[in-house]
Amino acid sequence: MKIINAVYGDSTGGRWIATLKTAELLAGSGHEVILLIDPCDLHKVPSSLPSSIEVISMKNSGHYDLIASLKARRLINERGINAIIAHSGRAIWLLKRAAPRGVPVIALNHSHNIKRTLRADAFFCVTPYMRQLVDQATGGSKPSFVISNAVSIPDAALLQPVIHTTPVVGLIGRLADGKGTLYLLQALALLRDRGLVLPARIAGTGEEMDMLKAACRDLGLSAQVEFLGWVSDTDKAAFFNSVDLLCFTSYRDVQPLVLLEMMAWGKAIIGNDLEGPASIYEHNETALVVPTRNAPALAEAIATLAADRGLRGRLGHNARIKAEHCHADAAVAALLNQHVSELVAQHFAAT
């Protein structure tokens, strides 16, 4: 099939990574894929993008840009497009106006704010809770499916057993508002006051870096907490192999890719009960789950894992298996291929 994979407006962070990954998975399944983006995003297209994916830039000034819709309609007709996947509300509005009746426009929802996506013909939702929101908003009148974000599973040979005498706590992600990194520092301080001094490694950059370093000094944690800065993809193996357990502290995420990476690397995770991420793991099976924004509860979970190497191993093993079965590139590609094909057949039959 010939598929347009588009994003406009918010094309930052995880949404952009997921847009590229969707294009790659569809192309890997044998589809002809056009990555349709705003000219301002061209510089973000990686040189490693497969040559089988054609990148087309088209200016779009907003949800009501009729000229852009006419240009998109010409593109759809000239290329014989079979389906459209749109990763943002602006892309959905643009392409829904442009698409002929027999070409389904599928919203790939990355946010719980679904209002701008409801014009789509069908929905791919990255979490079950998001699908619930969509079905409530549409009354179940449009097809919806749960299709997770995808993660590349590292080869088992890259996983090195951790042999630290004192367990090392890890956190990786953007150091920004809503990510909750301060709660980890507060938890480490509570444990220190109880006599349990655990080293920690924090990977990432962001606007809260200076505040977090200052908090670290104020809490007396400078000797045990290391800020690593940005960790590239090539350096992630070294990071994940250097820690014994990982904390997920964000309170504004839906399905963060970094959480799927934690699972893929077979690490013991402490996650919180935030709707969305909490659908990825199960308490005492693939993670320890604690209340969101609760430093004392996080401290208790860290202490539990620090004292029980067997539990750390079991949770990490189970998390990796879950990632392989539910979130791996191949598993997500199979779902994308299946449901896009079904939707194209249904729309073709209805015309």
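Each value in this text was obtained by applying a stated rule to the coordinates, not by laboratory testing. Given the structure is predicted, the values throughout are model-derived calculations rather than measurements. Cβ sites come from the backbone with ideal geometry, for glycine too, and all protein chains shown count toward neighbours.
Per residue of the chain, what 222 nm ellipticity follows from adding -39500 (n - 2.57) for every DSSP H run with n ≥ 4, rounded to the nearest 500?
The per-residue figure over the chain is -12000 deg cm²/dmol.
Dimensions of the chain along principal axes (Cα, Å, largest first)?
69, 40, 36
Return a whole-number percent for the relative contact order of the stretch 156-327, with Cα pairs under 8 Å and 6 or more residues apart as the contact set. Spell out each step's value before the answer.
Working: 306 pairs, mean separation 42.8, N = 172.
Computed over the stretch 156-327, the figure is 25 percent.
Put one equal scatterer on each alpha carbon of the stretch 100-202, apply the Debye formula with no solvent term, and list log10 I(q)/I(0) at q = 0.13 1/Å to two decimals.
-0.75
With charges set only on the Cβ (+1 for Lys and Arg, -1 for Asp and Glu), what does the dipole of the chain come to about its Cα centre, in debye to the nearest 20?
Values: 34 positive and 32 negative charges, 172 e Å.
Computed about the Cα centre, the dipole is about 820 debye.
I'd like the Karplus ³J(HN,Hα) series for the stretch 298-313: coefficients 6.51, -1.76, 1.60, θ = phi - 60°, whole numbers in Hz, and an x wherever there's a Gly or Pro.
Here the 3J(HN,Hα) series is 5, 4, 4, 5, 4, 4, 4, 5, 4, 8, 10, 5, x, 5, 4, x Hz.
Using amide H atoms built 1.01 Å from N in the peptide plane, name the residues 5+ places from V290, or on other chains, whose amide H lies under 5 Å from its own.
G271, N272, D273
What order do you get for L196, L158, L336, L20 when you list them from fewest to most C-beta neighbours inside 10 Å? Mind dumping the intermediate values first?
Details: L196 16, L158 11, L336 24, L20 20.
With the sparsest Cβ surroundings first, the list reads L158, L196, L20, L336.
Tell me which residues come under 5 Å, amide H to amide H, from I153 once H is placed; ignore anything under 5 positions away on its chain.
Distant-sequence amide H within range of I153: D329.
When only Cα pairs under 8 Å and 6 or more residues apart are kept, what is the percent relative contact order across the chain?
Answer for the chain is 16 percent.
What trypsin sites (Lys or Arg not before Pro) in the stretch 85-135 are in a loop by DSSP, with at most 13 other Cβ atoms within 10 Å of the Cβ?
Counting only loop positions with at most 13 other Cβ atoms within 10 Å, the trypsin sites (Lys or Arg not before Pro) in the stretch 85-135 are R101.
How big is D for the stretch 156-327, in µm² s⁻¹ as a whole number, if Stokes-Einstein is applied with the Kirkwood radius of its Cα pairs at 20 °C and 1.002 mPa s?
Result for D is 136 µm²/s.
Sort out the exposed loop GluC sites (Glu not before Pro) in the chain (DSSP loop, at most 16 other Cβ within 10 Å) and tell me the longest stretch that has none.
On the way: sites that count: E207, E275, E282, E285.
In short, 1-206.
Distance from the Cα centre of the stretch 237-260 to that of the stretch 297-351, in angstrom?
The stretch 237-260 and the stretch 297-351 have Cα centres spaced 14 Å from each other.
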